[in-house]
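Derivation of every value follows stated rules applied to the coordinates shown; laboratory data play no part. Keep in mind the model is a prediction, meaning the values are calculated, not measured. Note: ideal-geometry Cβ built from the backbone for every residue, glycine included; neighbour counts use all protein chains shown.
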Ligand code: B4P
């Protein structure tokens, strides 16, 4: 199964993708994690990405697409994948359409996890305390939410227009949200 998970920062994409990976036996591909790995490795790409991420902005489309294409070529993605954090703007959505058409691997479902803004801020403040991620600091979170509204929210319309989007209520405990997503996916598989 090939799935895109959409949602604002803090909506639970990474949290849910880990669970779906275990339940469905497909690869979890997080562009945020791929970028953080480059930052941790101190690569040239990582150094450039770090500055952008610390400001709450999006890393360049070309860099992220190159990274994604390489990751989709690894063997674990052949059985399917969950894309977490990509696409984040319309140009990325169109690039993904072209890439998957070229690979002959169309998407089965796009799931959008909806969470009210005040809850997102609370969750990311909690993670800032627990994990110390620099981009979870309050000023950066505000900017990430602005970027989401301006650039990522229109991506939902791109998929909704094709009848591929399913919206899920992302409030409540993690198990309840997973159960809602699994129900939405069962309807695709049926
Ligand atoms: P990401 O790594 O994608 O970060 P994120 O949007 O915060 O989502 P994440 O998956 O980590 O958090 P989650 O909602 O699961 O991106 C980081 C940065 O990388 C971006 O700002 C950008 O600069 C760059 N980037 C990434 N992809 C890019 C792209 N395609 N193009 C350009 N740039 C890109 O969880 C958040 C918190 O909520 C956690 O603490 C979790 O425990 C908690 N939580 C989750 N579910 C919960 C629930 N049901 N109840 C309570 N808490 C919950």
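At full extension, residue 173 and residue 78 could sit 31.1 nm farther apart than now, given 0.36 nm per residue minus the alpha carbon distance. Spacing of the modelled spin labels on residue 102 and residue 70, each 7 Å from Cα toward Cβ, amounts to 1.6 nm.
Spin-label pair residue 150-residue 1: with each label point 7 Å from Cα along the Cα-Cβ axis, the two points sit 3.5 nm from one another. Rg and Dmax over the alpha-carbon atoms of the chain stand at 15.8, 45 Å. The slack between residue 118 and residue 183, meaning 0.36 nm per residue of separation minus the straight C-alpha distance, is 20.8 nm.
Under a 10 Å cutoff between Cα atoms, tell me which one of 84, 139, 173 has the largest fluctuation in the Gaussian network model of the chain. Looking only at 84, 139, 173, the biggest GNM fluctuation is shown by 173. Decide, for segment 1-89, between rounded, prolate and oblate: order the square roots of the alpha carbon gyration tensor eigenvalues as a ≥ b ≥ c, take rounded if a/c falls under 1.5, and otherwise choose prolate if a/b is larger than b/c, else oblate. Prolate. Taking a ≥ b ≥ c as the square roots of the eigenvalues of the Cα gyration tensor, segment 11-53 is classed as prolate, since a/c reaches at least 1.5 and a/b is larger than b/c.
Sorted fewest first by neighbouring Cβ atoms within 10 angstrom, 168, 111 come out as 168, 111.
Take every Cα pair under 8 Å whose residues are at least 6 apart in sequence, average their separation, divide by the length of segment 1-158, and the relative contact order is 39 percent. Think of it as helices only: each DSSP H run of n ≥ 4 in the chain is worth -39500 (n - 2.57), and spread over all residues that comes to -18000 deg cm²/dmol at 222 nm. Once you order the gyration tensor axes a ≥ b ≥ c over the Cα atoms, which shape class does segment 56-136 get: rounded for a/c under 1.5, otherwise prolate or oblate by comparing a/b with b/c? Note, shape of segment 56-136 comes out prolate.
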